[in-house]
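Asker: Have a look at this one.
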Protein chains: 2
Amino acid sequence: MNLDLEKTLEKHNVKPTAMRLLVLQFLLTEKAAMSLTDLENHFDRSDRTTLFRTLKTFAEKEIVHKIDDGTGVTKYALCEEDCHCEIETDLHVHFHCKICNETICFPENKIPYINLPDGFIADDVSLTVTGICNKCNKSL
Amino acid sequence: MNLDLEKTLEKHNVKPTAMRLLVLQFLLTEKAAMSLTDLENHFDRSDRTTLFRTLKTFAEKEIVHKIDDGTGVTKYALCEEDCHCEIETDLHVHFHCKICNETICFPENKIPYINLPDGFIADDVSLTVTGICNKCNKSL
DNA sequence: ATAGGTAATGCAACAGAAGTGCATTATTTT
DNA sequence: AAAATAATGCACTTCTGTTGCATTACCTAT
């Protein structure tokens, strides 16, 4: 189990420290995207800065992708296998539930091609749907 | 000129105070979306809170729409005539230039329909393209 | 016109997230 | 084991967004 986590980090040229393995494991078990504060609350013993830089490193090495769900709080979710965060191939839709406040990935829902006016170059696209998720919908 | 501005506000049930007219006029002259800080810098004499609440009121009364361009700073742009910020009809693509940091609307580019899994309800959609705008592209 | 009520404004202060600098600890290399 | 490099933890700062409260402007009814 731990060996798999270590391999994952090493594959992305990230040294497998204890903290990084814990964060990676946590992200694996959580289906929803996690904010820095979420991590901070889960890892009582660790410093916010360390978690902040861990997420930053993970994002740079394409282990996680940053998600802006419109709440003003950046969230992070594990990338899919062989994801390189490429526009047109890797970027997918995110859903933010305004009731439970969870943000989840729809990896099957790739973002459609956006036709821009002449002279505009696209590097990145973000598509976030806000509403009510299936779990909260049932509880209504 | 001022009469038009007043009419606009009154049409949306917003009392046309001096500050509100100035903010509306400023938003009309600026093509790019404006942040609270942008307004604050432009109106040296006015308080941040007043501008904040002016924008809040404008957004509630559908005079402007809030834009989350991924920078972490909320920006505001005038709605189009007869916009009711309805999903499927009014929501359009936004573009954020990572060089000049400007965020602009593409009102002709409506956001395509997103097919969600069963049980999910969509209230709002945000689609932001990040890259290089036509002006900055020329200067390269 | 004026008194009373409502709405808008301005000041102060706070909260939360993001980020930086620096000292300390751990890890790797020689 | 010593030196170099990387990771961590603490303190502090900045920026944005927000609220409470007192004051000012505005509108309405008598």
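Asker: If I go through the range A:90-140 residue by residue, how many of them are more than 9 Å from chain B (Cβ to nearest Cβ) and on the phi > 0 side of the Ramachandran plot?
Answerer: 1
Asker: If you don't mind, there's one more thing I want to ask. At pLDDT 95 or above and within 12 Å of chain A (Cβ to nearest Cβ): is that true of residue B:87 in this structure?
Answerer: Numbers: at pLDDT 95 or above: no; within 12 Å of chain A (Cβ to nearest Cβ): yes.
Spelling it out, it is not the case that residue B:87 is at pLDDT 95 or above and within 12 Å of chain A (Cβ to nearest Cβ).
Asker: Oh, and also: State the number of residues belonging to the range B:93-112 that are over 14 Å from residue A:125 (Cβ atoms), surrounded by fewer than 16 Cβ atoms within 10 Å (Cβ to Cβ) and not β-branched (Val, Ile, Thr).
Answerer: Number of matching residues: 5.
Asker: Could you say which residue among B:50, B:128 is farther than 15 Å from residue A:127 by Cα and not aromatic (Phe, Trp, Tyr)?
Answerer: Checking each option against the conditions leaves just B:50.
Asker: Just checking, how many residues over the range A:67-92 are open to solvent by 60 Å² or more (accessible area, probe 1.4 Å), of a type in the set (D, E, K, R) and under 18 Å from residue B:128 (Cα atoms)?
Answerer: Number satisfying all stated conditions: 2.
Asker: Which residue out of A:125, A:129, A:64 is in contact with a helix residue (DSSP H, G or I) (Cβ under 8 Å, 6 or more places away or on another chain), aliphatic (A, V, I, L, M) and open to solvent by less than 60 Å² (accessible area, probe 1.4 Å)? I'd like the intermediate steps shown before the answer.
Answerer: Values: A:125 fails: in contact with a helix residue (DSSP H, G or I) (Cβ under 8 Å, 6 or more places away or on another chain); A:129 fails: in contact with a helix residue (DSSP H, G or I) (Cβ under 8 Å, 6 or more places away or on another chain).
Going through A:125, A:129, A:64 in turn, the sole match is A:64.
Asker: Wholly within the range A:1-60, which helices (runs of 4 or more DSSP H) include no fewer than the required count, namely at least 3 residues that are over 24 Å from residue A:106 (Cα atoms), more than 13 Å from DNA strand D (Cβ to nearest atom) and open to solvent by 70 Å² or more (accessible area, probe 1.4 Å)? Write out each step before concluding.
Answerer: Numbers: elements: A:2-11, A:18-29, A:36-42, A:48-60.
Those helices (runs of 4 or more DSSP H) span A:2-11.
Asker: Moving on to the next point. Among the residues of the range A:64-80 satisfying the criterion of being more than 9 Å from the chain's Cα centre (by Cα) and more than 12 Å from DNA strand C (Cβ to nearest atom), which is nearest to the other protein chains (Cβ to nearest Cβ)?
Answerer: A:70
The values are calculated or read from the model by the stated rules, or taken from the named source; none is laboratory data. Computed from a prediction, not measured in an experiment: that's the story for all the values here. Backbone-built Cβ (ideal geometry, glycine too); neighbour counts: all protein chains shown. Ligands, DNA and RNA are stripped out before the accessible areas are found, and what is left, the full protein with its side chains, is counted by its heavy atoms. Shrake-Rupley method; radii C 1.70, N 1.55, O 1.52, S 1.80 Å.
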